[in-house]
Amino acid sequence: MDMHTTTSYEAFLAARRAEILERIADAALRSGRAVDEIELLAVSKTVGPSEVVSAWKAGYRLFGENRPQELVRKLTALSEVPDLEGITFDMIGNLQKNKINQVLGNARRIHSVSSLHLAQAISKRAEARGLVVPVLLEVNVSGEASKSGFEPHEVLAQAENVVKLDGIRVDGVMTMAPAGDDDAARRTFSALRDLRDDLRVVCGLPLDVLSCGMSDDFTIAVEEGSTLVRLGRIVFDQGYELS
Ligand SMILES: *Cc1c(COP(=O)(O)O)cnc(C)c1O
C-alpha cells in the first residue's frame, strides 16, 4: 500500500469490480444463465488485511484464502475493524489434517476436500465441535500431476462414503484448469460439470456449487456452468492486464 493512497486503490478496486461483474454478466448471457447464480469470491492470499478492507468497501463480501494460518491471521486482524458487515472467508487451498481445527468455525466453506481421508478427518473434528461444515470435493479433472484433488473415477467411487459422513455437508465440486490454455480450460470446466451430474445420481444430492474459474479463465468457466469464480490477481493487482 505504499505506492498509492488508500483512496485511489479503493477507486481501482471498485472500477475493476464493475468490469469483472460486467464480464460475468456477459458470459452468463452468452450461455443463457442467470447472473445471480454466480458468486464472486476475491482471493486475498497475496494481500493484507487493509487491502481486504478496501475490497469490502468496493463491494466484495466473500473472500478466499489458501493457507489456514493466513485465514486466522486475517480474521484476527479484521475482527478489530468495526462494521465489516457480511464479510466471510472460504478455505480454498490444500488442507493438512493438523490444520483442520484452524479452519473449522472460521471458514464459511472448505473448497479443497481432496480425499476420503481428509473428509473423514474434517467430519470427526466438526462432529466433536457440534458443527456441520459445508464442503466441496476438489477434483483433478485435468489430470495434471501438479494438481491435487480426487481423480474423477475415484470421486465417483468414494462419493457415497463421503456424503454419509456426519459433520460435513457436500455442496458441490471444485477444480483448477491448466494455466494458459483456453481450450483445455473449457474442456476441464465442462468435464467438471458432467462429473457433477454423474455425482448427483450417485449421491442423490443437488451438488449445486461448481467452484471453478480464476483470473485468466473465469469467463470460460461461467460459460461452462461455474457458480463460483475465485479471482485473485484480476481483483487486487493493478498490474494485471485485462485482455
Ligand atoms: C490463487 C488461487 C486462485 C486465484 O488465482 P488468480 O489467477 O490470481 O485469479 C484461485 N483458486 C485457488 C485455489 C488459488 O490458490
**Q.** Pairs with Cβ under 6 Å, 6+ apart, first in the range 232-243 and under 20 Å from residue 212 (Cβ atoms), second surrounded by fewer than 20 Cβ atoms within 10 Å (Cβ to Cβ) and acidic (Asp, Glu)
**A.** none
Q: Check residue 157 against each of (1) more than 16 Å from the ligand (Cβ to nearest atom); (2) among the hydrophobic types (A, V, I, L, M, F, W, C); (3) out of contact with any Leu (no Cβ under 9 Å at 6 or more places or on another chain); (4) assigned to a loop (DSSP other than H, G, I, E, B) and name the one condition it does not meet.
A: (4)
Q: Go through the residues of the range 143-151 one by one and say whether even a single one is among the aliphatic types (A, V, I, L, M) and either within 19 Å of residue 228 (Cβ to Cβ) or touching a helix residue (DSSP H, G or I) at 6+ places or on another chain (Cβ under 8 Å) (or both).
A: no
Q: Determine which member of the set 70, 51, 39 is touching a residue at least 24 places away in the same chain (Cβ under 8 Å), within 15 Å of the ligand (Cβ to nearest atom) and in contact with a Leu (Cβ under 7 Å, 6 or more places away or on another chain).
A: 39
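Could you list all residues from the range 59-113 that are assigned to a strand (DSSP E or B), surrounded by 17 or more Cβ atoms within 10 Å (Cβ to Cβ) and of a type outside the set (Gly, Ala, Ser)? Let's see the steps before the verdict.
Narrowing the range 59-113 to residues assigned to a strand (DSSP E or B): 62-65, 88-91, 110-113.
So of that shortlist, the ones also surrounded by 17 or more Cβ atoms within 10 Å (Cβ to Cβ) come out as 62-65, 89-91, 110-113.
Matches in the range 59-113: 62, 63, 65, 89, 90, 91, 110, 111, 113.
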Q) From the list 201, 222, 229, which one is in contact with a Cys (Cβ under 8 Å, 6 or more places away or on another chain), more than 8 Å from the ligand (Cβ to nearest atom) and among the β-branched types (Val, Ile, Thr)? A) 229
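Bear in mind these aren't lab numbers, they're just calculated from the coordinates by the rules spelled out. What you see is a predicted model, and the numbers here were worked out from it, not measured in a lab. Every residue, glycine as well, gets a Cβ built from its backbone with ideal geometry; the counts of neighbours run over all protein chains shown.
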